[in-house]
Amino acid sequence: MGAVFALVTVLAFVIVVYVGVGVAGLKSLFGIVIPYAAFLVFLLGMVYRMIDWAKVPVPFRIVTTCGQQKSLRWIKRSRLEAPYNNFEVVLRMILEVFAFRSLFRNLKAELKGPNLIYGSYKWLWLGAIAFHYAFFTILLRHLRFFTYPVPEPIQILDQIDSFFHIGLPHLYMTDVVILAALTFLFLRRLADPKLRYISLASDYLPLFMIYGLVISGILMRHFFKVDVTQVKEFTMGLVHLKPKAPNVGVIFYIHLFFISALMAYFPFSKLVHMVGVFFSPTRNLANNSRAVRHEPAPWWKKPKFKTYCEWQEEFKEQLIESGQPIDEDCYEKK
Amino acid sequence: MAKLPKPDELIKSIDWTPPEKDWMDDVPPDIKPGRFCYPAKKNILEEIGFPNPRDWSPLDEDWKLPSNYREIIIEGMKDRLSKYRSFKLFMDICVRCGACADKCHYFLGSGDPKNMPVLRAELLRSIYKGELTWQGKFFGKLAGARKLTEDIIKEWFYYYYQCSECRRCSVFCPYGIDTCEVTMMGRELLHLVGCNTNWILEPVRNCFKIGNHIGIPPHTIKEIIEYLCWDIEEVTGLKIEVPFNKKGAEILFVTPSGDYFAEPGIYTMMGYIILFHYLDLDWTMSTYASEGGNFGLFTSHEAMAKINAKIYHEAERLGVRFIIGGECGHMWRVKHQYMDTATGPAPKNLETPRSPITGTVFEHAKSTKMIHVCEFTADLIAHGKLELDPSRNDKYIVTFHDSCNPSRGMGFFEEPRYILKHVCNNFYDMPENTIREKTFCCGSGSGLNTDEFMEMRMRGGFPRANAVQYVRDKHGVNMLACICAIDRAALPTLMNYWAPDVKVCGVHELVANALVFPHEKTGERPRTLDMRQEPLKPEEEENA
């Protein structure tokens, strides 16, 4: 049901743009107002989310250790899985953010007769890595529309991505990869009953929005062949805050609308995991809480408890009878 | 009490396929005997000043919640969202990738989809969204949002007491989302409306008032330990007196009270006593701070701190130099990750722990001034300060159960293994995906080790037991060593159910078996019995 809702939403997007631009001719609205507004929502929304998290204290040092702690000198410790200082934490975070370390650990449990078996299961990791890196590369590639002259690294990236020279204009490898990865990430949600059970409409929606974004992009490049010169004029206009809506096919406006929708949706959805991961207290703290005091949160109050002297008064008889020492200091203090 | 299915019936009943019905509509849960713990008694809640004391049962239709339970919970949730970044973040960033789904032992053993960590968190997350975010209020179910109802309180109670806060899911989560944090918050919220369990809160009350979970008064503690010393005399011929509340001792020793009275914990306790006597250590126990464990951790952060604070208080009064903590799982999560922040800084008289025998300075504990007894012993062995005869443990083929909390809350893997490899000749680890940071819970952690919860314990313990069965069949393992008092209480039952020929022990029980005293070497009184007063070499007895 969630998937159907997401699909309908995305199709509605297409219709809205088609009617808005193709029929009503609202090019400035879809070309200028919505993209700027979406970008603003994205920026402010993300800053808001980050501040919202950052202002909540981390009261305790709740690291999840996935390797040997630092204790005795002759025991080899794991710097990456149980970091002891901030430098090692940075290394752990780099692995987590750039290599999806934890996902790489993934196992798949199977019950075979009376035995539980855990096999390595890296498909999710592979799908996730492929998707994120392809998306990232595509974003970088798009910088060629927002810069003039185009910086050399971006040009080189473009050449590498279209290295195989399939078709004209050349097919980008990342386009193929992202489509494959999206399809995998979508199908696994449908195919695995457990995942189907936990998946919400808000899990399918971003997938479908990105599908829409990618497909409209590919259509525009390879099939509808939008006038790139006009597009570049328009994007440079966006950069210089002097935008003029281009006279190009609706497909371009659909592409633009998808990225706008995604940007606006980003800060208010699960997509905030992109920055959230940096805040995760089980990963971004050092496992040195016995060596370095983690200061308590401002709201934390030291507990009130039954002191020894109060306790001694209560159990005095039993203490004396069983020959346990009575602390005279308890009385001197009074 | 509910009838427990036989092991083969239980395995046959496991089905990981979720039902057709949407989980959001599947409330209230079908509450089954054997899968919940009895509620906290009225007088217990009254004594510790917790809200809404009453007589009730989870099987009742009416849970007698306060009439304004919705406001109470929502305010409590807002309050915690502003105090714990973990909670706020974990409510916000889950993408439901499902990597955690088959990592939970309760899910693996029960197939109940709400035991998938992602869904366990979603039970709370959906209310957070539905009551506190505009997206949830506006889009409702599409955004995974629900409104709080009495049925949802029932669902929370059922499933937040089917989580042992073991944090295995957190290892596999790409964002480190820790269901333990979510369960802790869920339980804290449930306390606000008086839904909690007696098995946790009675020990908490005992700790507050008397000093340990079981509520043993000081004279009885001394008596119990004296009994153990008589047993030690039987086994070793040594007359040992354990120091209590001794001012000016060098070391305060704190261990879970489970080690005082119940098998096989008592053998571990005997192990500590024998080891400290061997070293002629200047140590003391306290009958005031007589609990190392901390059921407060399973209650609330405040209760945890209130229980733990006594240890520093007592260390200050006695004027000791540092603290050694016994083998215990959740206790060490508290000592490692919470103690200093919640109840520190350590009193001034404490110093960075330094082994009086080897001179090793435990720099990694320079702030809390508290070390794990396995760190202490491993250091002794590495320096050759213990004369050990591992052949005394030859009747045992040993494997090691990594307890959840020292594993994923400390990174405590090599110390106990190092000791085991020196005190016994036959040691085999379980398969790698079931040990160390990927270790499985005993099925009874976080205050769920009660009899009425037995079916869920056997289900949750199945992944652990299954790995034990594997090494039993492959290597003939007959002894499961562990460093946790809840394990020592829970694993014998689990083994009895799944692998009846495997016994359970603490690491220091095996240390004490192997420890050679001078008088034993001279042949004056050779050791023939182990800590359990059974012959060290069973076949000799048969021959005799």
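The values are calculated or read from the model by the stated rules, or taken from the named source; none is laboratory data. Since the model is a prediction, treat every value here as computed from it, not as a measurement. Cβ: placed from backbone, ideal geometry, glycine included. Neighbour counts: every protein chain shown.
Quick look at the numbers
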quantity: Unique match (being outside any loop (DSSP other than H, G, I, E, B), crowded, with 24+ Cβ neighbours inside 10 Å and of a type outside the set (Phe, Trp, Tyr)) among B:Cys180, B:Cys229; calculated: B:Cys180
quantity: Test: residue in the range A:171-185 that is under 19 Å from the mean Cα position of the chain (by Cα), under 20 Å from A:Trp125 (Cβ atoms), of a type in the set (Phe, Trp, Tyr) and in the same structural domain as A:Val14 (by TED's automatic domain parsing); calculated: yes
quantity: Cβ-Cβ under 7 Å pairs, at least 6 apart or on other chains, the range B:10-35 side closer than 21 Å to B:Tyr161 by Cβ, far side among the acidic types (Asp, Glu); calculated: B:Val27/B:Asp151; B:Val27/B:Glu155; B:Pro28/B:Asp151; B:Pro28/B:Glu155; B:Pro29/B:Glu155; B:Gly34/B:Glu455; B:Arg35/B:Glu455
quantity: Evaluation of B:Glu302 against (1) free of Cβ contacts under 8 Å to residues at least 12 places away in the same chain; (2) in a loop (DSSP other than H, G, I, E, B); (3) of a type in the set (D, E, K, R) (one fails), failing number; calculated: (2)
quantity: B:Arg417 vs. criteria away from every other protein chain (no Cβ under 14 Å) and out of contact with any Gly (no Cβ under 6 Å at 6 or more places or on another chain); calculated: no
quantity: Failed condition for A:Phe258, given (1) hydrophobic (A, V, I, L, M, F, W, C); (2) in contact (Cβ under 8 Å) with a residue 40 or more places away in the chain; (3) at the interface with another protein chain (Cβ under 7 Å from one of its Cβ atoms); calculated: (3)
quantity: Those residues of the range B:84-121 which are small (Gly, Ala, Ser) and either in contact (Cβ under 8 Å) with a residue 24 or more places away in the chain or outside the structural domain of B:Arg168 (by TED's automatic domain parsing) (or both), in sequence order; calculated: B:Ser86, B:Ala99, B:Gly109, B:Ser110, B:Gly111, B:Ala121
quantity: Check on A:Ser120, among the hydroxyl-bearing types (Ser, Thr, Tyr) and under 30 Å from B:Tyr497 (Cβ atoms); calculated: yes
quantity: Single residue of the range A:294-310 satisfying the filter (more than 7 Å from chain B (Cβ to nearest Cβ) and either touching a strand residue (DSSP E or B) at 6+ places or on another chain (Cβ under 8 Å) or not in a loop (DSSP other than H, G, I, E, B) (or both)) that is surrounded by the fewest Cβ atoms within 10 Å (Cβ to Cβ); calculated: A:Glu310
quantity: Helices (runs of 4 or more DSSP H) enclosed by the range A:34-131 - at least 2 residues per element that are facing chain B (nearest Cβ under 8 Å), of a type outside the set (Val, Ile, Thr) and within 21 Å of B:Ile435 (Cβ to Cβ); calculated: A:101-104
quantity: B:Val95 away from chain A (no Cβ under 14 Å) and among the β-branched types (Val, Ile, Thr); calculated: no
quantity: Residue that is surrounded by the most Cβ atoms within 10 Å (Cβ to Cβ), among those in the range A:231-243 that are closer than 21 Å to A:Arg221 by Cα and of a type in the set (D, E, K, R); calculated: A:Lys232
quantity: Any chance B:Ile266 is away from chain A (no Cβ under 14 Å), over 15 Å from B:Glu509 (Cα atoms) and under 28 Å from the mean Cα position of the chain (by Cα); calculated: no
quantity: Single residue of A:Lys316, A:Lys306 found to be free of Cβ contacts under 8 Å to residues at least 24 places away in the same chain, among the basic types (Lys, Arg) and in contact with a helix residue (DSSP H, G or I) (Cβ under 7 Å, 6 or more places away or on another chain); calculated: A:Lys306
quantity: Residue check, B:Glu327 charged (D, E, K, R) and in a helix (DSSP H, G or I); calculated: no
quantity: Complete set of residues in the range B:183-210 that are touching a strand residue (DSSP E or B) at 6+ places or on another chain (Cβ under 8 Å) and either under 17 Å from B:Arg80 (Cβ atoms) or surrounded by fewer than 24 Cβ atoms within 10 Å (Cβ to Cβ) (or both); calculated: B:Cys195, B:Asn196, B:Asn198
quantity: Every residue from the range A:246-293 that is part of a loop (DSSP other than H, G, I, E, B) and under 29 Å from B:Val118 (Cα atoms); calculated: A:Ser269, A:Ser280, A:Pro281, A:Thr282, A:Arg283, A:Asn284, A:Leu285, A:Ala286, A:Asn287, A:Asn288, A:Ser289
quantity: Enumeration of residues in the range B:433-480 that are charged (D, E, K, R) and at the interface with chain A (Cβ under 9 Å from one of its Cβ atoms); calculated: B:Arg436, B:Glu437, B:Lys438
quantity: Single residue of B:Phe107, B:Phe87 found to be within 14 Å of chain A (Cβ to nearest Cβ), under 24 Å from A:Leu271 (Cβ atoms) and buried (at least 19 other Cβ atoms within 10 Å of the Cβ); calculated: B:Phe87
